Amino acid sequence: MGRSELEKAREKVLALRREIDEHNYYYHVLDQPSLDDREFDRLMRELEELEEKYPGLQDPDSPTRRVGSKPLETFQTLEHKIPMLGLDNAFNEEELIDFDTRVRKLSGLETVEYFCELKIDGLAVSLQYEEGVFKRGSTRGDGYTGEDITGNLRTIRQIPLRLPEPLTLESRGEVYITKKAFEELNSRREREGLVNFANPRNAAAGSLRQLDPRLAAKRPLKLFLYGLGEHSLELKYQSELLDYLQKLQLPVNPHRSTCLGPREVLDYCRRWQDQRPGLPYEIDGVVVKVNDLGLQSELGFTARSPRWAIAYKYPPEEKITRILDIRVNIGRTGAITPVALLEPVTLSGSTVQRASLHNEDLIAEKGIMIGDCVVVRKAGEIIPEVLKVIEERRTGGEREFAMPRHCPSCSSDTVRLSGEAARRCLNPSCPAQLVEKLVHFASRRAMDIEGIGPAVAEMVYNSGLVSDVGDLYYLTAEQLAEMPRMAEKSADNLVSAIAASKENPLRRLLFGLGIRFVGEKAARLLAGRFETMDQLREAKEEELTAVDEIGPKIGEAVRQYFATPETGPVLDKLKRAGVNFTEPKVETASTDLEGKTFVFSGALENYTRDEAKALVEERGGRAGSSISKKTDYLVAGDDPGSKLDKARNLGVKIINESEFRELL
Ligand code: IVH
């Protein structure tokens, strides 16, 4: 091969990379596409071909190498040299004025210049560049150590793999998903029978923590950078810092402004509170920072947060809409729940068209009628609720709602048992209840059969092939493929998921059967004590209640479950299908945590709080709720809050989720 040919190829490769990076920047950072997609794809293909032909020209930072090809086993942890702290909150205007008063007092200044930025509702990340090359990136974690998510961050086209200058610096920002992309992601998941993400923030968190970067690459993650960690730049103002990041072609939010004194800050906050619904992404407030970086370091930090910044938080979004109708849902225990069908509104990033009204007493208390204009909001940013009726908007055309006296699914009489708020359908063969039972059986914390959501459960029930959970194990791919909207591939996947669930331990099966009052914890205790379904089935009530924490209510419900004539055939079907009826013995090694006390704080990614506590208890440990000198470990998840400070002060050992997992 002539030297000149290789040289020519090298020049071409470098030119292509520059050109592609440039278009990437226009498209993903500036939002101004500079080339049509087909032309862009052509450039990428040309580069790929050259890199394949001349392996010597390959480069890990080439735009062709954004997406790695190997999934990780777990995330490595990365320490933050400068802690990634949270912010103090101001929940109203007075608290913001108080913040300004504190800053003025500490600084001795009469008027302070602030810099206001939108508070993006996503996840904090840190990006490390060495000599201009993107080397590593991590989550915030507990603020002191995060998880190495470099592979996933590399897939975000807004992040340059190389800076225009050979700088060594750490920049911090927020990864998010736009409202529109969130809706699209959820509708796709719905079509695929997957559970929806609750809000854009959860979707971003789930996507960033994919172990397989190829999957993360398919998620529409974006980011805004708002600060620096370790660096050696000489900068004087926060405003200058952001302009500088922008000059380095990093993504920076354009809606930022200096504000002189608290009045201007409040104007900024109010203005964005009004304009917030029109933004393409979610914000939960405004971050107000002292603009002078010298003054920032003078003010310094408390144990938890900087004294030079505060988050002005917006109240949860409220909207007015209309109740088009009130329908009822029948749960797996026959409880009938009224649900308001709403004229669709967007609330905190997603379209809301239903809200549970809980029970008839609540409807009466709020005076809700069909056709009413109502104020809705998302409680805890997740579950939509109807706050109140706007009576002035009544037209006279509204209708009273009455709970049905007959079950809409099976027509049996509905009853309201004394002492209960719910009206129920008591027919054990009610189709609606059976479908809900299937959904519960397949749910993640029970038998964990991916692909059986409400739509699929209803479909297999309607096919006539499945009338209880035992029948699931006899479905064939051919039968499933004949059902409406079921592709061959999904049918195969579903059959394998069902088969795989046979191996689950008894405790999951027990929980999945939906025995009244037997939640995850009771199921675990019972499975642990009796070890096989047969032994549990034969247990007398006093043997059941002899189990620590199993009271007469659960004991009676379990006995009744096994005595009901419908139960026998279901268990027989499960057994014949080879579903595991035993609980693996807790291994001796698993009393490791004997005598150790754990406290959990902040959200864990892989376990719910209850699951984590259960794991500790299974191994002989204790799960406490508050930190004391007797606590052995604080397991710090995302946003661990004040328990972290307390643990640190008392010298309690602090571990993160991966260390916890290892300990188990
Ligand atoms: S500054 C030490 N600026 O809000 C101060 N934070 O609890 C570092 N956030 O964890 C934060 N937008 O994830 C800052 N423009 C912004 C922000 C922002 C969103 C998040 C960040 C942080 C949390 C504050």
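Table for the structure above
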read-out: Selection status of GLU130, more than 16 Å from the ligand (Cβ to nearest atom), open to solvent by 40 Å² or more (accessible area, probe 1.4 Å), over 32 Å from the mean Cα position of the chain (by Cα) and at negative phi; value: no
read-out: Lone qualifier among GLU117, GLU93 - being of a type outside the set (A, V, I, L, M), within 16 Å of the ligand (Cβ to nearest atom) and in contact (Cβ under 8 Å) with a residue 40 or more places away in the chain; value: GLU117
read-out: Total residues in region 103-114, condition among the β-branched types (Val, Ile, Thr), away from the ligand (no atom under 15 Å from the Cβ) and assigned to a helix (DSSP H, G or I); value: 0
read-out: Matching entry among ASP100, ASP61 (being surrounded by 15 or more Cβ atoms within 10 Å (Cβ to Cβ), more than 16 Å from the ligand (Cβ to nearest atom), in a helix (DSSP H, G or I) and in contact (Cβ under 8 Å) with a residue 40 or more places away in the chain); value: ASP100
read-out: Residue within region 70-86 that is among the hydrophobic types (A, V, I, L, M, F, W, C), within 16 Å of the ligand (Cβ to nearest atom) and open to solvent by 60 Å² or more (accessible area, probe 1.4 Å) present; value: yes
read-out: Flag if LEU235 is in contact (Cβ under 8 Å) with a residue 24 or more places away in the chain, closer than 18 Å to PHE134 by Cβ and open to solvent by less than 60 Å² (accessible area, probe 1.4 Å); value: no
read-out: Hits in region 284-301 - residues which are touching a residue at least 60 places away in the same chain (Cβ under 8 Å) and either away from the ligand (no atom under 11 Å from the Cβ) or assigned to a loop (DSSP other than H, G, I, E, B) (or both); value: VAL290, ASN291, ASP292, LEU295, GLU298, LEU299
read-out: Members of region 98-137 found to be aliphatic (A, V, I, L, M) and under 17 Å from LEU299 (Cβ atoms), listed by number; value: VAL103, LEU106, LEU109, VAL112
read-out: Only one of ARG332, ARG327, ARG377, ARG354 that is among the charged types (D, E, K, R), open to solvent by 20 Å² or more (accessible area, probe 1.4 Å) and in a loop (DSSP other than H, G, I, E, B); value: ARG332
read-out: Selection status of TYR314, within 16 Å of the ligand (Cβ to nearest atom) and either closer than 30 Å to ASN427 by Cβ or crowded, with 19+ Cβ neighbours inside 10 Å (or both); value: no
read-out: Residues located in region 200-209, provided they are touching a residue at least 24 places away in the same chain (Cβ under 8 Å), closer than 25 Å to THR351 by Cβ and surrounded by fewer than 22 Cβ atoms within 10 Å (Cβ to Cβ); value: ALA205
read-out: Counted residues, region 443-465 - those being over 32 Å from the mean Cα position of the chain (by Cα) and aliphatic (A, V, I, L, M); value: 1
read-out: Close pairs from region 65-83: first part of a loop (DSSP other than H, G, I, E, B), partner of a type in the set (Gly, Ala, Ser) and crowded, with 18+ Cβ neighbours inside 10 Å, Cβ under 6 Å, at least 6 apart; value: VAL67/ALA217; GLY68/GLY151; PRO83/GLY143
read-out: Failed item in (1) open to solvent by less than 70 Å² (accessible area, probe 1.4 Å); (2) closer than 19 Å to SER443 by Cβ; (3) basic (Lys, Arg), with LYS521 passing the rest; value: (1)
read-out: Contacts under 8 angstrom Cβ, first residue in region 494-522 being in contact (Cβ under 8 Å) with a residue 60 or more places away in the chain, partner among the basic types (Lys, Arg) and open to solvent by less than 30 Å² (accessible area, probe 1.4 Å), 6 or more apart; value: none
read-out: Residue among ALA205, ALA124 that is within 15 Å of the ligand (Cβ to nearest atom) and part of a helix (DSSP H, G or I); value: ALA205
read-out: In region 135-148, the residues that are within 16 Å of the ligand (Cβ to nearest atom) and either in contact with a Pro (Cβ under 6 Å, 6 or more places away or on another chain) or closer than 19 Å to ILE655 by Cβ (or both); value: SER138, THR139, ARG140, GLY141, ASP142, GLY143, TYR144, THR145, GLY146, GLU147
read-out: Single residue of ARG537, ARG559 found to be assigned to a helix (DSSP H, G or I), open to solvent by 20 Å² or more (accessible area, probe 1.4 Å) and free of Cβ contacts under 8 Å to residues at least 24 places away in the same chain; value: ARG559
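Quick grid of which residues meet (1) surrounded by fewer than 20 Cβ atoms within 10 Å (Cβ to Cβ); (2) within 15 Å of the ligand (Cβ to nearest atom):
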| position | (1), (2) |
| --- | --- |
| ASN152 | no, no |
| LEU163 | yes, no |
| LEU167 | yes, no |
| ILE177 | no, yes |
| PHE182 | no, no |
| LEU185 | no, no |
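The values are calculated or read from the model by the stated rules, or taken from the named source; none is laboratory data. Source: prediction; values computed, not measured. Positions of Cβ are generated from backbone atoms using ideal geometry, with glycine treated the same way; all protein chains shown enter the neighbour counts. Remember, those area values only see protein heavy atoms, side chains included, never the ligands or the DNA or RNA. Shrake-Rupley method; radii C 1.70, N 1.55, O 1.52, S 1.80 Å.
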